[in-house]
Amino acid sequence: MDYYKLLYDYEHDTNAGYIEINEFSLNFDRYAVNESQPLGVDRILCEVEQENIGDYDYIANNLAWLIVSEKVKELLAVCNLGEYEFIQVLEAKNHKIVGFLVHSMNLLDALDENKSVCTKKKYSIDGTDYEHLSVIKYVIETEKVRNSDVFKLKKSNIPYFISESLKDRLVKSGVKGFDFLKVKTT
């Protein structure tokens, strides 16, 4: 099976909306969205910066989170997502639902680091050594993905990856705002 890195479609977003989430108003660290534990909230407030939110199914936002329309939420709800939660994103002034944050806690150890194009940088903070892995081109080990339709990678936990069958469903349903980059597999 083929897999795709899920991207926002910047090329065709001429009529897309945009929301702003104040990270300091959150009840969790904004980077917790990249981890494999529940966030402990059922809603997040935002400010609508550009109208036309309803015209796109992948909702652009300042934190680069995967925020989707009700239509996409329903498509995803019948897929094999592993551990996940949908969190309502509400407009702060009227509490109208703008979309849903897709918080995938399905972090898989499926990055083939030897075949991917990566760089590692070591750094130290307060005497503790860390290593940051920056992936330029992904290669995914398919046997470690199992039957997941949506997942993130343990060593590179920001981008979302989806199965070919989910990509085909999204395209067939006519959702707007999504782009897909096919990744190599082993």
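Observations on the model:
- Within the range 9-132, percent of DSSP bridges classed antiparallel, to nearest 5: 75 percent
- Our helix-only sum for the chain, with -39,500 (n - 2.57) per DSSP H run of n ≥ 4 divided by its residues, gives a mean residue ellipticity at 222 nm of -3000 deg cm²/dmol.
- Cross-link reach list, aspartates and glutamates versus K121, counting only Cα pairs under 16 Å and skipping chain neighbours closer than eight places: E113, D129, E131
- A simple charge model with +1 on the Cβ of Lys and Arg, -1 on the Cβ of Asp and Glu and nothing else charged puts the dipole of the chain at about 520 debye relative to its Cα centre.
- Built amide H within the under 5 Å cut-off of D112, gap 5+: V139, I140, E141
- For V98, the residues whose modelled amide H falls within less than 5 Å of its own, excluding neighbours fewer than 5 places apart on the same chain, are V89, L90, E91.
- Considering the chain at the alpha-carbon level, its Rg and Dmax are found to be 16.9, 52 Å.
- Sorting V33, V183 from the fewest to the most surrounding beta carbons within 10 angstrom yields V183, V33.
- Annotation: for a label point projected 7 angstrom from Cα along Cα→Cβ of K176, residues of the range 1-27 with backbone N closer than 18 Å are 7-19.
- Pairs of Cα atoms nearer than 8 Å and 6+ residues apart set the relative contact order; for the chain it is 30 percent.
- Reachable lysines from K182, criterion Cα separation under 24 angstrom, eight or more residues apart if same chain: K5, K71, K73, K115, K120, K137, K144, K152, K154, K155, K167, K172
Read-outs throughout are calculated quantities, based only on the coordinates presented, and are distinct from any laboratory measurement. All values derive from a computational prediction rather than experimental measurement. Positions of Cβ are backbone-derived with ideal geometry, glycine not excepted, and every protein chain shown enters the neighbour counts.
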